[in-house]
1. For residue 145, work out the one condition from (1) part of a helix (DSSP H, G or I); (2) under 21 Å from residue 37 (Cβ atoms); (3) within 15 Å of the chain's Cα centre (by Cα) it doesn't fulfil.
2. Hey, residue 200 hits all of (1) on the phi > 0 side of the Ramachandran plot; (2) more than 16 Å from the chain's Cα centre (by Cα); (3) at pLDDT 95 or above but one; which does it fall short on?
3. For the structure I just gave you, tell me whether residue 57 is surrounded by 12 or more Cβ atoms within 10 Å (Cβ to Cβ), farther than 22 Å from residue 178 by Cβ, in contact (Cβ under 8 Å) with a residue 40 or more places away in the chain and more than 20 Å from the chain's Cα centre (by Cα).
4. Pairs only if they're at least six apart or on different chains, beta carbon under 7 angstrom, first in the stretch 240-256 and on the phi > 0 side of the Ramachandran plot, second part of a helix (DSSP H, G or I) and surrounded by fewer than 24 Cβ atoms within 10 Å (Cβ to Cβ); list them, first residue then second.
5. Considering every residue within the stretch 39-56, establish whether at least one is touching a strand residue (DSSP E or B) at 6+ places or on another chain (Cβ under 7 Å) and not in a strand (DSSP E or B).
6. Which numbered condition in (1) in contact with a helix residue (DSSP H, G or I) (Cβ under 6 Å, 6 or more places away or on another chain); (2) surrounded by fewer than 19 Cβ atoms within 10 Å (Cβ to Cβ); (3) modelled with pLDDT under 95 is the only one that residue 195 fails?
7. Listed residues 42, 103, 112; which is within 22 Å of residue 152 (Cα to Cα) and surrounded by fewer than 18 Cβ atoms within 10 Å (Cβ to Cβ)?
8. Considering only the stretch 160-217, state which residues are without any contact (Cβ under 8 Å) to a residue 24 or more places away in the chain, assigned to a helix (DSSP H, G or I) and closer than 17 Å to residue 229 by Cβ.
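The values are calculated or read from the model by the stated rules, or taken from the named source; none is laboratory data. What you see is a predicted model; the values in this text were computed from it and never measured. Glycine also receives a Cβ, built like all others from the backbone with ideal geometry; neighbour counts cover every protein chain displayed.
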């Protein structure tokens, strides 16, 4: 199956020009706080992190889903340590085939065997550095769901696209192609403006809320949890999570330090 051939049936999306609803935070939507460790931490460093982080979970209010997405080499050790804890295990990528000659890739059955529950799909770094396309994102999403994983779909614009006024059309196009035949009842979406990832240049909370509202307005299931990602830190988490459309965060660098990530998980 080619990438382009997979894009044959459109998902049920609402018109992008529809007005955004003014809402209080829904009691139905789950709060999902996920740490994306990217290519950081050895197994020893991972165990050191957990020693400093796990005690903070005693302060975590109920109803918050906490997810750690480490490098693949750390999944096994985390699976054993986190068994029975409040933390869910996530992966950073998944291939669309169950097995095959795909050097460097990992399949959904390999992840579920380790107790992985979530998987990041379509992160901007995968799109930028590893040739990820809208078609391959769609294939990965469907493969994850086929094996019971909950994918975290990443969408977002570059600074050039934002300055050109293309944010809305770009994200609409991503959703339109990424969500073909995808079950929106087993899905998390992360709005990550690329210009804010790892730069310290955070999108204003109200603007993030506006864009996430636009995303929600295009979905057939309005109760999809939608995160914000992009230079999320302890000093801005409270304002971000006070926004009615934002259901969590996808955290990069600030998830690598126990006290920092604990403050984010235990936002006020």
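1. (2)
2. (3)
3. Details: surrounded by 12 or more Cβ atoms within 10 Å (Cβ to Cβ): yes; farther than 22 Å from residue 178 by Cβ: yes; in contact (Cβ under 8 Å) with a residue 40 or more places away in the chain: yes; more than 20 Å from the chain's Cα centre (by Cα): yes.
Yes.
4. Listed pairs, sorted by first residue: none to list.
5. So in the stretch 39-56, the residues touching a strand residue (DSSP E or B) at 6+ places or on another chain (Cβ under 7 Å) come out as none.
No - not one qualifying residue is present in the stretch 39-56.
6. It fails just one condition, (2).
7. Details: 42 fails: within 22 Å of residue 152 (Cα to Cα); 103 fails: within 22 Å of residue 152 (Cα to Cα).
Just one listed residue meets the conditions, 112.
8. If we filter the stretch 160-217 for residues that are without any contact (Cβ under 8 Å) to a residue 24 or more places away in the chain, which is where we start, we get 160-161, 163-166, 170, 204, 207.
When the remaining residues are screened for being assigned to a helix (DSSP H, G or I), the result is 160-161, 163, 170, 207.
The answer is 161, 170, 207.
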